[in-house]
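Peer 1: Have a look at this one before I ask anything.
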Amino acid sequence: MVTPEDTADFSSISWMDGTDWVTTPSQQRSRKTLQKVLATARDMFVNQGFEETTIAAISRSSGVSVGSIYNLFADKHSIFLALYEHYRSTREAQIGEMVAQPRWQTASAIEVIRFHIEIVFSSSRDDAGFLRLVERRRAVDVNFYHTLARAEDNFCQVMHDLYRRHAGEFDHTDLETAVRYLHYVIRGAAIWSIMPPERDDPFFTVANPSYQEETLRMACRYLGLAGG
């Protein structure tokens with residue numbers, strides 16, 4: 001069974017904040033201009049809504065002329081995609097650093113599951129506003145849906161590399177598919193907790209240790225982990 005010791009240490013992963021993951025080109029003038037546009041657009045998309053935000057509004061708020069913005073981006077969809085790519089590449093690099101740590105050579109199966117949940121829950125907590133934007137764009141933009149699906153599949157492959165070290169402990173002959181299915185269940189639980197911003201039931205929040213514990217129990221049972 002999952003014990004209190006298994007769930008007590010849902011460590012808070014420290015993610016690079018939005019001021020850092022909005023990366024920029026090397027030339028100083030271009031860097032400052034692009035950073036102003038991306039940072040302003042991100043805040044406006046998150047706080048006002050994507051459809052409600054115009055290039056003209058981004059120009060006014062950022063102090064960058066409309067012409068300069070169009071020299072950088074074809075439209076606001078391109079701005080959003082650039083924001084997502086910066087976000088994705090930064091988070092993937094951070095996850096890669098965490099996965100490369102020597103601890104995974106001796107970590108237990110339940111530690112791998114806990115780590116999987118920590119990544120999804122902590123990013124949903126810290127990046128809630130941007131991830132709500134991502135979900136809304138996924139629902140209406142089929143091309144972005146496929147972009148996001150590829151990124152999620154890449155993450156599942158990274159996690160599968162950790163899970164397969166314990167393949168004999170799980171009750172699944174197709175572990176790769178099981179990890180993908182489990183990921184989308186965990187991701188769904190996290191996204192549900194941040195959409196909309198305020199939940200009626202405080203139990204269903206990614207910051208609630210009890211919600212994390214129940215997610216861990218569910219994951220262990222689905223994977224058929226002995227004693228889960």
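Peer 1: Just to be sure I understand the model, the point goes 7 Å from the Cα along the line to the Cβ. What's the resulting Arg221 to His172 distance in nm?
Peer 2: Result: 1.6 nm between the two label points.
Peer 1: State the answer as a single residue: which of Ile117, Leu133, Met159 lies farthest towards the positive end of the charge dipole of segment 113-189, with beta carbon charges of +1 for Lys and Arg and -1 for Asp and Glu, about the Cα centre.
Peer 2: Leu133
Peer 1: By how many nm would the segment from Trp192 to Ala56 lengthen if fully extended, with 0.36 nm per residue of separation less the alpha-carbon distance?
Peer 2: 45.7 nm
Peer 1: If each residue's Cβ is checked for other Cβ atoms within 10 Å, how do Phe204, Phe73 rank with the fewest at the top?
Peer 2: Phe204, Phe73
Peer 1: May I pose another question? Counting only other residues whose beta carbon sits under 12 Å from that of Asn154, what net charge do I get with K and R as +1, D and E as -1?
Peer 2: 0
Peer 1: Work through the residues other than Val179 whose Cβ is under 14 Å from its Cβ and net out their charges, Lys, Arg +1 and Asp, Glu -1. Please report the intermediate quantities before stating the final value.
Peer 2: Details: positive: Arg164, Arg165, Arg180, Arg187; negative: Glu152, Asp153, Asp161, Glu169, Asp171, Asp174, Glu176.
After counting each charged neighbour, the total is -3.
Peer 1: Same structure again: With an 8 Å Cα cut-off and a minimum separation of 6 or more residues, compute the relative contact order for segment 4-223 in percent.
Peer 2: 24 percent
Peer 1: Extension gain Glu85-Ala100, at 0.36 nm per residue separation less the Cα-Cα distance, in nm? Could you put the intermediate results ahead of the total?
Peer 2: Details: separation 15, 0.36 × 15 = 5.40 nm, distance 2.22 nm.
Full extension from Glu85 to Ala100 adds 3.2 nm.
Bear in mind that the values in this text are calculations on the coordinates, not laboratory data. These numbers come from a predicted model, not from an experiment. Neighbour counts run over all protein chains shown; Cβ positions are idealised from the backbone, glycine included.
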